[in-house]
Structure formats: structure tokens, C-alpha cells
Amino acid sequence: MKGLHSFFSLRVLGLAFVLLQTSALASTPLPIGDFAKTPVIQSVSMSADGKNLVALIAAPDGGVDPAIATWNLDNLSPAPTAITPSGERMKFITTNAMKANRILAVARQEWTGQLGGCGEGNANGATRTFVTKVYLTDTAMKKFDEAFTDNTRKLGISEQTQRCMELVGRARLVDSLPLDPDNVIVSQFNEQTSLSNYFRYNLKTGKTELVYQGSSGRSPGLMQPRTGQVLTETELLPSGGNEYEQRVLVRDAKTGKFEVHEPLSNKVSQRYTNTVVGIDEATGKLYVLTDRFSDKVEARAYDPVKREFDAEPLVAHPQYSISALLFGQQPHNFNRIVGFVVDAAAREVTYVDPELKQIQAAIQQQYPGELVRITSYNDSMSRILFSISGANHPPSYHVLADKKSVITLGSQRPWVDASKIGEQRWVTYKARDGLEIPALLDLPASWKQGDKPLPAIVHPHGGPWARDYAGWDASGWVPFLTSRGYAVIRPQYRGSTDLGRKLWLAGDGQWGLKMQDDNDDAAAWLVEQGIAVKDRIAIFGYSYGGFAAVAAAVRKPSPYKCAIAGAPVADLARLGTSWSDNRLQRILQADTVKGMDPMRNTSNASIPILLFVGDRDVRTPSFHARGFYDAVKDKVSAKFEMIPDMPHAMPWYPRQIETTLGLIDNYLHKDCAL
């Protein structure tokens, strides 16, 4: 492997790829179509045996809906082996290459009807939403069958309940069992018991074997990676008042019984991370991601016999959390720790396996400054699928063949001119109470310190229990704005996750209060640094970020000239629990969603605002945006737009991206005069 980079060769297979270079800021901004058009290639995966590759591609006939394409890596040619377009109603949104020459495909279609409290959406009346289904097919893609479904007769199950299961999904893939040539672990929801059971599912025959029977109080955790046997369980129990206890039970290796382990359990209100992610088969120790010993998550070994953690962490970082341990998936390295992931500005992968470490370094040397991701490899390491991306260009996908040739499959958006996007930095600033707030700062191309200050956008992320990562912004909003000469700062305000427990907990009950201060303090920091002009700053956010935008519209004094709120929460009193299908998250987060309610403070509206939301958004339904618009339209300049057929989360149709980017661009330029 020494000198691997020196004899890389490059072959381009039909799907275009553009070499990306940075130059001076161009005179014209990137057109909306660059972000709205269907990606050339996306959702790329390789089967574990390295024989098949599958991806979503732009339809060959020029249509806007993606098609599934497959390649035979034993006889790779520029043209895919097979292409299947989306259906007239069901549109493909993701796909995955599996073993046994099988392909998993996810598709969705618009649906309108009564939900009756099923999943996200209104309890009564007709709701505009989507039906999403998972299909299995083979590499020829001649026939698509609904995946992992329970085909038994539904005696005594109402039509409404069965419709509910179609909407929220009856089955899902749980574990791919890499060493088993035919079987995977799936869960199937039983309508009669309202519980999920777990089965070993044969991809070739469709036969199932029960491996874990669901119960009302417990759910499976870690599974034995070779067999799928459940090794840990999680149990959620009320413990008085509004308190719950989250208990972790571990299967005793001798008796086979599950026993509660106190060091892995905690009260829900404490919000410790205790995630069992693997097992050392030689010692029986469990690998746990935990922040019990530090503000940041560490990886530690836990001895289930002694019921104690090792004294020192396996992996820790002084500034950032460890978000994952990477385990070998092939026979030669199966279930060994081959690397780990640090939640830094970007998700940084470090390999400890010598071969993977050397391959990663060699690829990185070929693409200096790029974010390189190895996503799959076969047992002989003769075929390695990887991607490269950067803050100024979207991912491109490549196969390293026989450790010497790089075969380029294509870029998501080869037409994007990286020279028009600019620079990205990870920065920190002090909030007014002294708390350090991390942030991503994106600057227009060619701008440098000392140049004339810029118009700027404060762009808080959604969630709020989430965070932003460095690299390409999948929404396209940030590069779209920087290509138009705006500086964009994305505060990781208190309440953001994966940046330490202190920052996360500091957001409790601070909606519109200290969480909002953090956004306003980002605007002040931009001015202090000479980056932004004081009277030329706007705030734009989506989902929780949309809440931050409507909150900014009613807080005085405001550092913003205008606000843009996409799919906002505006009425905390009507938020309810529809923001998550996960019961534990609802319990965890319910008591934290408190603070300043914008709908109770609309009389204080003081800056212009644009609000938009999709009419198929069931997470933050349109009554939030419309109600706020109706309450402030006579007090400030306000606009409201309903986007046809748009759901809350990506992927969005090209026409929806065109519409929303057009709204944002026109509003900032004309109405806000930023």
C-alpha cells in the first residue's frame, strides 16, 4: 500500500463530475436551478460482497423524479445494468444495496384522509400527508414487493387501524447481520397487540423466525452482531410525579435472564447518555457511549459481571463528543473496533485499523482539504466506495478498485460553481451571560477581514435538539445565500445537542429567552468582528429555526431588519406532542418546551416577516405560520405563503425548492432591502 496515491488513475463513468476549484467571486450569483434540479446521483451504496452498486439517479428521460440504477461491479461499464424510474404516484426517495443480490427501496406518495391521531398530524378531519413504503427487489428490478410485511389475515383489525399502519409503517430493518448470507433482523408491528416483534427474515424466501417478542414496557437494545440475539433491553418506568426512570437490562451470559444494571440506568430528567453500541466477544465487556464521567460523550468499556465501567475511557476527546465506534463488517475484521467518530465541526472519522487508516490517508492525499468518507468495502478491500465533499461543493461518489484505480461515479450537482460559494469557519463567541456558543460562519467568496462589512443572515438550526455540521449544506440555503454576497452564521445555541451536556441542558425552558439571546448575540458578534453591518442583518430559520424567527419578530429591541420563518412553531400553547413519534423523546423534551410564546406576544411585533410552510407539513402544521401572520399583518409588513404538496422534512420536489428559494431571495433583496 505504500505510495498508493502515486499510481491512482481516474476513469469517469458517464455521470458527470466537475473538478472543483476556488477562485475570485463571480459577478453573478448561482441560479436557483442549481439547487432545485434533481441530483445527478445520490443515495449511493455498495453491497457487502462488493458485487453490486445501487443509487438514485436523475431520470434518463429528463423527468424530475429520481430513478433507481444498479451497476454490476464485476463488469463495470459507463451505463448502469438496470434503471427503474419512479412510478406515476410512488416516488423513490432512497435506496440501499443489500446482500443476496437484493435491493431495498423507499418510496412515498401524497395521501389525504383522516388520521384519527395516528402518527403526526391532526386528530380529526382530513390531513394532507404522505404514505411511505419500503420495497424489496433484486438487481434486475423486475418486481418490487413491500418489504418485511406481515401477510397474515387482519381479523378484528379495523380498516382505520390498518390505514394507520400503512402511514406510519408496519415493518423496518433493524440489523443487517453482515456474516449471515441470507438473513436480516426486522421488526414488525402487530396491530392486534400494538407491539413490535422482531424476526430473523430470509431475504431470498421471505420466511421469518421470531427472535424477540415485544412487550409494553421494554424494547430491545444491542443485538449480538452474528446472530441477532438480543443482549440488552431498555425499560421506561414512571417513578413519581412527572419523573421516569430509564433502565437498561443486560442478558446474563449464564442464565439468559435480563437483569437491571444500575450504572447504565438513570432518571430521565438527568438526561445522561448511556448507549450500548457493541460487545467485545472475547471478554464479554460492553462498549458504551456515555457522558457520566465528562461533559462530552466518551466511549468506555463496561464489565457486566462486575457491573462497573473501566477506569479509563477507550476513546475521549477534550473538546468534542465521541458519536460512534466503527466496527468491522467483513469476515477479516468482523466486530473489531476499526475506528471512531468525533463530533467536531464536521464528523471526523479516525481509523485505528492499520489497513483502513492507510487507505483513508491515501485517498485524503489525493483530495486535500476535502471531507473524505469511506462508506463501504468488501472483504478483500479490493473495492471501496467513498465520497468527497466540501463546504463549497456537494458530495461526489467514487470507487477505489484494486487499491490503485479511482472510478468516479459522479457528483450530486456537477453544475455548482464552487468559486461562487466562499469560505466556511468554525468559530465561538460569548453569549451575554458568558456561555461559550459554537457557530458555523460562512462567508462569500473573496471576502477577507478588513473588507467592507457584509449584509448578514443569522440562521439557527431546527430541532432544537440537533446541531449543524461543517461541510456541504444539504438544504442548499447556505451556499445559495453566500453566493449572493451574504455572510451566514449558524449559532449552536444552548439546547443544541452533541456539543456537550452543559450546552444541551442550558436550553431547558429557554425557548424565546436565553436560546434567543444566543442568536441575537451572534448578530452582535458579527458586527464586532467587522463582518456585518449593524442595520443589515436578517434572521432566517426553519422548523425550530422558524420559531426563532417569529420570536425575533416580537422581541424588542431587535437586531434584525427582517425575519424569514420557514415551517415555524409559533404557538407553544398548541404545540402538543406531535413533534416526535418517539415516546421517550416526548417525555424527555416535554418539560423543556417552555419560555416566551410568540403568539401571546404578537402585540410587540416590530420587524417585517415572511412566513412559509408546506401544505403537507404535519410536524409544524400551517396553523402556526398562518395564525402568526393573521395576528401581526396589521402591525408590521408581513407575507404568508403555502407551498403545495411540501412536507416538513426533505426530500422536497424541485418545484418546491424553486419556490422557497425564490421567496427567500426576493424577500431579502426587495422587501427587506438587506
Report, by residue number, each residue of the range 408-437 that is among the polar types (S, T, N, Q) and under 22 Å from Ala58 (Cβ atoms). Thr408, Ser411, Gln412
The range 481-533, subset closer than 17 Å to Ala563 by Cα and among the polar types (S, T, N, Q), residue surrounded by the most Cβ atoms within 10 Å (Cβ to Cβ): Asn519
Over the range 449-491, the set of residues within 30 Å of Gln589 (Cα to Cα), outside any loop (DSSP other than H, G, I, E, B) and among the aliphatic types (A, V, I, L, M) is Ile457, Val458, Val478, Val488, Ile489
Return only the number of the condition from (1) surrounded by 19 or more Cβ atoms within 10 Å (Cβ to Cβ); (2) under 30 Å from Ile57 (Cα atoms) that Pro455 does not satisfy. (2)
Run down Gly87, Gly113, Gly117 and say which single residue is modelled with pLDDT under 95, in the same structural domain as Leu53 (by TED's automatic domain parsing) and within 14 Å of Arg616 (Cβ to Cβ). Gly113
Look at Asp645 and say whether it is part of a helix (DSSP H, G or I), acidic (Asp, Glu) and surrounded by fewer than 21 Cβ atoms within 10 Å (Cβ to Cβ). no
Any hit, the range 300-323, residues being surrounded by fewer than 16 Cβ atoms within 10 Å (Cβ to Cβ) and touching a residue at least 60 places away in the same chain (Cβ under 8 Å): no
Exactly one condition in (1) within 23 Å of the chain's Cα centre (by Cα); (2) in a strand (DSSP E or B) is not met by Ala538; state its number. (1)
Result of the Cβ filter at 8 Å on the range 324-353, keeping first residues that are without any contact (Cβ under 8 Å) to a residue 60 or more places away in the chain and farther than 16 Å from Gln364 by Cβ and partners that are of a type in the set (A, V, I, L, M) and part of a loop (DSSP other than H, G, I, E, B), at least 6 apart or interchain, is Leu325/Leu314; Ile337/Leu314; Ile337/Val352; Val338/Val352; Phe340/Val352
Quick one: Ser446 ticks every box in (1) farther than 18 Å from Ala649 by Cβ; (2) modelled with pLDDT of 95 or more; (3) outside any strand (DSSP E or B) bar one, so which box is it? (2)
Do the conditions hold for Arg494, that is, is it at pLDDT 95 or above, in contact with a His (Cβ under 9 Å, 6 or more places away or on another chain) and either under 16 Å from Leu668 (Cβ atoms) or in the same structural domain as Asp535 (by TED's automatic domain parsing) (or both)? no
Just to check your reading of the model, which residue among Asp280, Asp252, Asp295 is in contact with a Pro (Cβ under 9 Å, 6 or more places away or on another chain), surrounded by fewer than 17 Cβ atoms within 10 Å (Cβ to Cβ) and of a type in the set (Asp, Glu)? Asp252
Any residue at all in the range 565-578 that's in a helix (DSSP H, G or I) and either at pLDDT 95 or above or touching a strand residue (DSSP E or B) at 6+ places or on another chain (Cβ under 6 Å) (or both)? no
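To keep it simple, each residue is scored yes or no on (1) in a helix (DSSP H, G or I); (2) under 26 Å from the mean Cα position of the chain (by Cα); (3) in contact (Cβ under 8 Å) with a residue 12 or more places away in the chain.
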position: Ser606; (1), (2), (3): no, no, yes
position: Arg616; (1), (2), (3): no, yes, yes
position: Arg619; (1), (2), (3): no, yes, yes
position: Arg626; (1), (2), (3): yes, no, yes
position: Asp634; (1), (2), (3): no, no, no
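Conditions (1) over 30 Å from Gly50 (Cα atoms); (2) free of Cβ contacts under 8 Å to residues at least 24 places away in the same chain; (3) surrounded by fewer than 21 Cβ atoms within 10 Å (Cβ to Cβ); (4) under 23 Å from the mean Cα position of the chain (by Cα), marked per residue:
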residue	(1), (2), (3), (4)
His393	no, no, no, yes
Tyr397	no, no, no, yes
Asp402	no, yes, yes, no
Arg425	yes, yes, yes, yes
Gly434	yes, yes, yes, no
Report whether or not Phe189 is of a type outside the set (A, V, I, L, M), in a strand (DSSP E or B), modelled with pLDDT under 95 and in contact with a helix residue (DSSP H, G or I) (Cβ under 8 Å, 6 or more places away or on another chain). yes
Lone unmet requirement of (1) part of a strand (DSSP E or B); (2) at positive phi; (3) assigned by TED's automatic domain parsing to the domain that holds Gln516 for Gly410: (3)
Would you mind stating whether Ala344 is among the small types (Gly, Ala, Ser), surrounded by fewer than 19 Cβ atoms within 10 Å (Cβ to Cβ) and either touching a Leu at 6+ places or on another chain (Cβ under 9 Å) or assigned by TED's automatic domain parsing to the domain that holds Val54 (or both)? no
Against the definition (under 18 Å from Leu503 (Cα atoms), among the hydroxyl-bearing types (Ser, Thr, Tyr) and modelled with pLDDT of 95 or more), how does Ser321 come out, yes or no? yes
Within the range 394-445, tally of residues that are out of contact with any Asp or Glu (no Cβ under 8 Å at 6 or more places or on another chain) and of a type in the set (Phe, Trp, Tyr): 2
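The values are calculated or read from the model by the stated rules, or taken from the named source; none is laboratory data. Just so it is clear, the model here is predicted, and its values are computed rather than measured. Note that we place each Cβ from the backbone using ideal geometry, even for glycine, and neighbour counts take in every protein chain shown.
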